[in-house]
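Have a look at the structure below before the remarks.
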Amino acid sequence: MNHSLSDRPLDSIFSPRSIAVIGASRRRDSIGFALLHNLVVNEFNGTIFPVNPHADVIHSLKTYPRVGDIPDPIDLAIVMVPRDAVLDVVGECIQHGVKGLVVITAGFAEVGPLGATLETQLGERVRGAGVRMIGPNCMGVVNTDESVQMEATFAPTPAQRGTIGFVSQSGALGVAILNAAADLGIGLTQFVSMGNKTDVSGNDLLEHWEEDDATRVICMYLESFGNPRHFTTIAKRVGRKKPILVVKSGRTAEGARAATSHTGAIAGTDVTVSTFLRQCGVLRANTIEELFDTARALDRCPLPAGDRVGILTNAGGPAIMATDACVNLGLRIADISEETRRELTSFLPAEASIANPVDMIASAGPAEYHRSLACLLTDPGVDMILAINVTPLLSHPTDVLDAIRQSASEGPDKPVLAVMMATEEFYDEVLGRRDQPPVYRFPESAARALSQLHRYASWRRRPTDVPTPVFTVNDERVTAILNQTQSGYLRGADAVRVLELYGVPVAAWSEVDDLSGLQSAAEELGYPVVVKAEAPALVHKSDVGAVKVDLRNPDDLVRAVEEIDASLSAADYRASSYLIQEMVSGGVETIYGISSYPQFGPLLMFGLGGRYVEVLRDVRFGVTPLEPAEAEAMVRSIRGFQLLEGVRGEPGADIDFLIEVLLRIAQLAQRHPQIQELDINPFLAAPTAAASKALDVRIRVGAPDRSSAPIDREV
Ligand code: ADP
Ligand code: MG
């Protein structure tokens, strides 16, 4: 034995010196055989003790009837006995002093109430004894570290040594993941199939890999989040040290939600998942293939300083595809400098295209790749590079790839991804090499990897030292107002009051019962005015003609109220009261929203508002706690941001104030979880803070979701 257990909580599982394989079997078609076989043939560095009461020897190893019969200390026990025997066996393991457990056996919470009860008992027993357990219902664990070499799974493909830590929530997919990794020449540090996550969860693994220098990239296949809020804290911290990539399945399994707000209608559980992953700096991939494509780039490339891509090619078609893909993914095609152009012109043939993409034409060989890539790398306007090669007849793509590798290693430290449109033989030869730029078969997958690199790099650049402001507000009064309504929409006046208490300006208004009230309120406010009717169950007022704007005199006002009453009764509503507001003009209509999701808590929304929000869908989302940099990114990244900056001579909006309002809404959402939905639509974004104000607000309250309380430790 050449290593000792350190005191990291999961080391007994990942780096055991001895393993008991309980439920080892002589039957070749059983997992009890496959797992033991994998441990042996992959040369586990410690001692293996098979346990099986019906065999003396399995796989040439002395076999013990029970764990208790093993004379030596055991670090890790792998349990594969039938479900109903698991609790007893685990008890014996604890008795023997086992420190870590991997329970492969299935049939627990995933099959029904009885299994769930057993699983609860299992969890209690394990936690009570202070040992750590992976599973149950999992496929095992792998540690490729030379000093351990533990292949404790029943998967047919062993993992290669590398730099990626991988955790899969699905065992079956775990097998496929190990296969795909082998095919792509991707090496792993550790692999975990975590099964039902009764004890060890994704959060524990994040923390384990956080401290593991050999693991440079963390990859996760997840089906559910136990507690997204706790994940947020851990992922944000770990993500500062190394990238985290997630494939979260169940994208389309969107539960039907009866959302009546704009925010609720636009958002959805999957938006929430994406939002909170993005805000944690976690990269989301759609498929395992995409995940590995990105992981290879993150593993081997430095982070780009910006979003400008240089493209080098020996053929036009793939360069156009690459350009389209980059632009669609939000990257920019770099403007290459005059100096770079001069340099390229000096040695490339006259037919070459000295722009970006740089098309060296089909005659380009390794020397041209080497020199042209060096030019692009030194251009200060280029942040990252795609080097594309279509293999022409009679050339050796490996030489081209070597030239790319050589040049990339000499130049300034920028990401270089190679797109080699070559034969399978070529890929068989080069994929496993890790000392070269990551290689892709098609421009689109390389472009996607670049965009993920850029996304992660910009998240890493975000300042973390700007404290989230805490606004001084009277939360008791807000609570008192919110509590007046048990569940459902607040009265308009109450909703307005909540905003005012939170320092969000609202257009001057008053609420009255009838026409005479309206008339005196209008005199007080001064014409022009806006009148809106409130009615029980009426959500979108202008849809039924209950909003009349720009009323300039008492006559307008009378006519407006008549019209409102007529259209309301045509739509089977009756006005319960009227709101009268100052008429506000100018500015850009924006929307702020809150929509609360079970487990995830409040989702925040900001974007272009008005009547057509659902059509335009130009909104961005965020989760609480919302840091200032995150609020700023939300506001600045809407597609129509230029409207807020001011276009065609129009004055822009006070952006800082818009960000402040967003942070105030975030605080409101975080402190008052009984808010199920909130829409401020429109919020008029004007050139000054004084002129910016909410014109309409709706708040729906309900019982706060307890599952979002940040208490348990699962992912
Ligand atoms: P709803 O969203 O229930 O239909 P709103 O109160 O948002 O009703 O009013 C609909 C539209 O009327 C707003 O999007 C805005 O364009 C306009 N509007 C509402 N209040 C005012 C106001 N005080 N000044 C100017 N325009 C207003
Ligand atoms: Mg509105």
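In the chain, the longest principal axis of the Cα atoms and the axis of helix 228-239 are about 60 degrees apart. Between the helical axis of 443-461 and the dominant principal axis of the chain, each derived from Cα atoms, what acute angle in degrees is found, rounded to the nearest 10? Approximately 70 degrees, to the nearest ten.
Find which of P113, P71, I134 sits farthest along the positive direction of the dipole of the stretch 40-166, computed with +1 on the beta-carbon of Lys and Arg, -1 on that of Asp and Glu, about the Cα centre. With unit charges placed on the Cβ atoms, the residue in question is P113.
Of all accessible surface on the chain at a 1.4 Å probe, what whole percent is carbon and sulfur?
Answer for the chain is 51 percent, counting heavy atoms of protein chains only.
Compared with the dominant principal axis of the Cα atoms in the chain, helix 655-671 is inclined by about 70°. Taking each DSSP H run with n ≥ 4 as -39500 (n - 2.57) and averaging over every residue of the chain yields -11500 deg cm²/dmol at 222 nm. In terms of the Cα gyration tensor, with a ≥ b ≥ c the square roots of its eigenvalues, is the stretch 161-205 rounded because a/c is under 1.5, prolate because a/b exceeds b/c, or oblate? Taking the square roots of the gyration eigenvalues as a ≥ b ≥ c, the stretch 161-205 is oblate.
Exposed loop sites were defined as chymotrypsin sites (Phe, Trp or Tyr not before Pro) in DSSP loop states (anything but H, G, I, E or B) carrying at most 16 other C-beta atoms within 10 Å; in the chain the longest segment without such a site runs 1-470. Quarter the surface of the alpha carbon convex hull of the chain and you get the mean projected area, 37.7 square nanometres.
Database remark: amide H of T163 closer than 5 angstrom to the amide H of G187, L188, T189 (H placed geometrically; neighbours at sequence offset of 5 or more, or on other chains; Pro and chain starts carry no H).
Using C-alpha pairs below 8 Å separated by at least 6 residues, the relative contact order for the chain is 10 percent.
Report the trypsin sites (Lys or Arg not before Pro) located in the stretch 525-604 that are in a DSSP loop and have at most 13 other Cβ atoms inside 10 Å of their Cβ, or state none.
Values: sites: K532, K541, K548, R552, R559, R574; in loops: R552, R574.
Sites meeting the loop and neighbour criteria: R552, R574.
Each Lys and Arg contributes +1 and each Asp and Glu -1, all at the Cβ; summed about the Cα centre of the chain, the dipole is approximately 980 debye. Backbone geometry of the stretch 557-564 corresponds, through the Karplus equation with coefficients 6.51, -1.76 and 1.60 at θ = phi - 60°, to 3J(HN,Hα) couplings of 5, 4, 4, 4, 5, 4, 5, 4 Hz, x marking Gly and Pro. For the stretch 1-119, how big is the tail of P(r) above 20 Å, as a whole percent of Cα pairs? Distances greater than 20 Å cover 42 percent of the Cα pairs.
Per-residue Karplus couplings for the stretch 166-177, computed as 6.51 cos²θ - 1.76 cosθ + 1.60 with θ equal to phi - 60°, are listed in order as 10, 10, 10, 7, 9, x, 4, 5, x, 4, 5, 5 Hz, Gly and Pro entered as x. Pairs of Lys residues in the chain are counted when their Cα atoms are under 25 angstrom apart and they lie 8 or more places apart or on different chains; the count is 15.
Each Cα pair under 8 Å and six or more residues apart adds its sequence gap; the mean of these over the residue count of the stretch 170-318 is a relative contact order of 23 percent. Phi angles across the stretch 61-75 convert, under the Karplus curve 6.51 cos²θ - 1.76 cosθ + 1.60 with θ = phi - 60°, into 3J(HN,Hα) values of 10, 4, 10, 9, x, 9, 4, x, 7, 6, x, 9, x, 10, 7 Hz, Gly and Pro given as x.
Relative contact order of the stretch 538-616: 20 percent, from C-alpha pairs under 8 Å at least 6 residues apart in sequence. Most simply put, the chain has about 50% antiparallel DSSP beta bridges, counting only bridges with both residues inside it. Rounded to two decimals, the Cα radius of gyration of the stretch 477-590 over 2.2 N^0.38 Å is 1.08.
The values are calculated or read from the model by the stated rules, or taken from the named source; none is laboratory data. On a predicted model such as this, the values are computed, not experimentally measured, just so you know. Please note: Cβ atoms are built from the backbone with ideal geometry, for glycine as well, and neighbour counts cover all protein chains shown. Surface areas here come from the heavy atoms of the whole protein model, side chains and all, with no ligands, DNA or RNA. Shrake-Rupley method; radii C 1.70, N 1.55, O 1.52, S 1.80 Å.
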